[in-house]
Amino acid sequence: MKYISTRGNAPAKTFTEILLGGLAPDGGLYLPEQYPQVTRAELDAWRKLSYADLAFAVLSKFATDIPAADLKAIVTKTYTAGVYCNGRADSPAEDITPLRTLEPGVHILELSNGPTLAFKDMAMQLLGNLFEYALDKQHAELNILGATSGDTGSAAEYAMRGKRGIRVFMLSPIGKMSGFQRAQMYSLQDPNIFNIAINGFFDDAQDLVKAVSNDHAYKATHKIGTVNSINWGRVSAQIVYYFKGYFAATQSNDEQVAFSVPSGNFGNICAGHIARMMGLPIGQLILATNENDVLDEFFTTGAYKPRNTSHTYETSSPSMDISKASNFERFVFDLVGRDGAKVREFWGKVDKGGSFDIKDTAYWEALPKFHFSSGKSTHYDRIKTIQGMWEEYGVMVDTHTADGIKVGMEQRRPNLPLICLETALPAKFEETIVEALGRLPERPAAMEGIEKLPQRCVEMDADVVKLKAFITAHV
C-alpha cells in the first residue's frame, strides 16, 4: 500500500517511509491511496479475536511493507494486560478496551487503562515499538518533536522513554493543562525526554511543530519526526478500537452503531471515519466539542473558521482547547473527492489565518453521506453530566468523556446503540471532579503523589528560531 498527501504534490510512499515523519513535503498529511475494504467474512472472523490479534488484522491492511511475522511480534508485545493494567480494579485488563454498559444501548468504551490513563496510550505504545523496530532496521536515530494540549505528551514520553535512538522534544502550553497532566510529563527524568513549556496555547505549540516540519533541510539534518496525530501510524492504530468497540456492543455484523467522540484535533474521530470508510457498520459519528467549537460550527454551518489564541477559551476539558484541528484536513480531502488542488486552496486560506465555507457548494450536499453529527458542551454541561453519571450509574467520568456523553445522548439517532469513547480517567482532572461530586477521584497507586516529584521543564516563547536552537543544542 502507498500513501499520498492531502495536498497532492508529494510522491507516494510506503507505511515505513512515512512512519518516522509527520507532514508530507508539500505540507499535507498522508492517507492511503485508497482505503482497504473489510469484507463481511473478515468482519465475522474478526469478531472473535483478542485485541492484539485484531490489531494485527487491521494493521496488516495498512503496514504492508512490514513482514507479517515482525508486525505480529510488535502488536503482541504492545497489547498485553501488563501494559494496560493501570485502570480501574473492576476492569479486566486482558480485555484491553472493556465495554461498560450503562443501560441497554448506551455504552462507554474504556480506552484509558494504559500507563498514562488516557486513550492516547492505545496508539502511542504501539508507535513506540514501531519506531524502535524501524530505527533498528535503518541503523538510524530519531528526534521526535510534538505538541500536546494535555494527554499526547505524557503518552508519547511514556512510550518513548528509554527507547534506543529516540529523543523526545515535547511542547506544551504554560499553565493550560491540569496539575496531574503537567506532573506526568515534567516529572520524567529520562535523559532522552525534553519538556518545553510554550508561552501561549496549544495551537501556538502545534504551529511551531509544523514550522519545523516544513523546514525540510532542518528536518532532514536533525532527523525530526512526530508523534502528534498528524502521524499516520497513530491514526491507523486508533482505527482498531472502533472495530473492537463495535464487536463488543453488537451481536451480529448486520447491526449499526453510533460512536460519540470528544474532539479537539479531529484525530480520534478521523480514525472512526476511516473505519467506516473501510466497511465497519457505523451509522453515525457524533463529534463533541467543548466551548472551542470550531468543528461543531463547520458541521452545522459549513464554515471552517479557526480562531487565534486570543479567541481560544481555557476550559475544564483542556485537552480540547484547540481552535485549529490538524487532522481535519484528512477528512476534507475525502469530502472534496480527494482533490489535492482544492485542499491546497482551502488550507492556503487557513495557513494565512483565514477560513473557508462550503455551504453553497456541492461539498455541503455531499456532507451527509459521511454520517457526521456534532454538538458542543460547556462547563455547566460537563458538571451536570459528571453528576448524573455518578448518581444514576455509579460511574465516574472525566471532563472530556462527559462532553462526549452529553453530546452523544443529544445527537444519537433512535435505535442506534451509542458507544461513547472514554478519553481519560477522572484522576487527571481532580479539580473539576471535586467541584462536581465533592470528592476526589481514585487514582492508581503508582500515580499517588506524582505532583510532588521533582519536575524538569524549560519555558520558551513561541519562537521557531529559539526552538530550533534548543533542539540543535540537545541532539
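Since every read-out is calculated from the coordinates, none of them should be taken as a lab result. All values reported here derive from a predicted model rather than from experimental measurement. Methodologically, a virtual Cβ is constructed for each residue, glycine included, from the backbone with ideal geometry; neighbour enumeration extends over all protein chains shown.
Points worth noting:
- Radius 9 Å from Cβ of Val464, net charge of other residues (Lys, Arg +1; Asp, Glu -1): -1
- Convex hull (Cα only) mean projected area of the range 330-475, reported in nm² to one decimal: 14.9
- Radius ratio Rg over Rh of the range 118-191, counting only Cα atoms, Kirkwood formula for Rh: 0.98
- Note on the range 369-430: Cα Rg divided by 2.2 N^0.38 Å, N the number of residues, gives 1.15.
- Peptide ranges 389-396, 424-431 listed from the most packed, as the mean C-beta count within 10 angstrom indicates: 424-431, 389-396
- Proximal lysines to Lys2, defined as alpha-carbon separation beneath 17 angstrom and excluding residues fewer than eight positions away on the same chain: Lys13, Lys61
- Each of Leu335, Leu295 was scored by other Cβ atoms within 10 Å of its Cβ. Listed from fewest to most, they are Leu335, Leu295.
- Residues of type lysines that Lys48 reaches as a straight line, Cα spacing below 18 Å, ignoring anything fewer than 8 places off in the same chain: Lys72, Lys244
- Residue list for the range 44-85, given a label point 7 angstrom along the Cα-to-Cβ vector of Ala140 and an amide N cut-off under 20 Å: 62-68, 70-71, 74
- Helices of the chain meeting both criteria, an alpha-carbon length of 30 angstrom or more along the long axis and an average Kyte-Doolittle score not below 0.5, with helices taken as full DSSP H segments, do not occur.
- Shown for Tyr133, Tyr246, Tyr158: other C-beta atoms within 10 Å of each C-beta, ranked fewest to most, produce the order Tyr133, Tyr158, Tyr246.
- Of Lys406/Lys428; Lys176/Lys219; Lys176/Lys210, those spanning more than 24 Å from alpha-carbon to alpha-carbon: Lys176/Lys219
- Entry note, the range 260-360: relative contact order of 31 percent, from Cα contacts under 8 Å with a spacing of 6+ residues.
- Across all Cα atoms of the range 430-469, the radius of gyration (one decimal) and Dmax (whole number) stand at 17.1, 46 Å.
- Computed lengthening from Lys369 to Gln455, 0.36 nm per intervening residue step minus Cα-Cα distance: 26.1 nm
- Contour excess over end-to-end distance, with Cα ends at Leu99 and Asn415 and 0.36 nm allotted per residue: 111.9 nm
- Taking N as its residue count, the alpha carbon Rg of the range 1-157 over 2.2 N^0.38 Å: 1.14
- Hydrodynamic estimate: the Kirkwood radius of the chain over Cα pairs, inserted into Stokes-Einstein at 37 °C and 0.692 mPa s, corresponds to D of 148 µm²/s.
- Nearest-0.05 FRET efficiency for Asp70 and Ala45, computed from C-beta distance (R0 25 Å): 0.70
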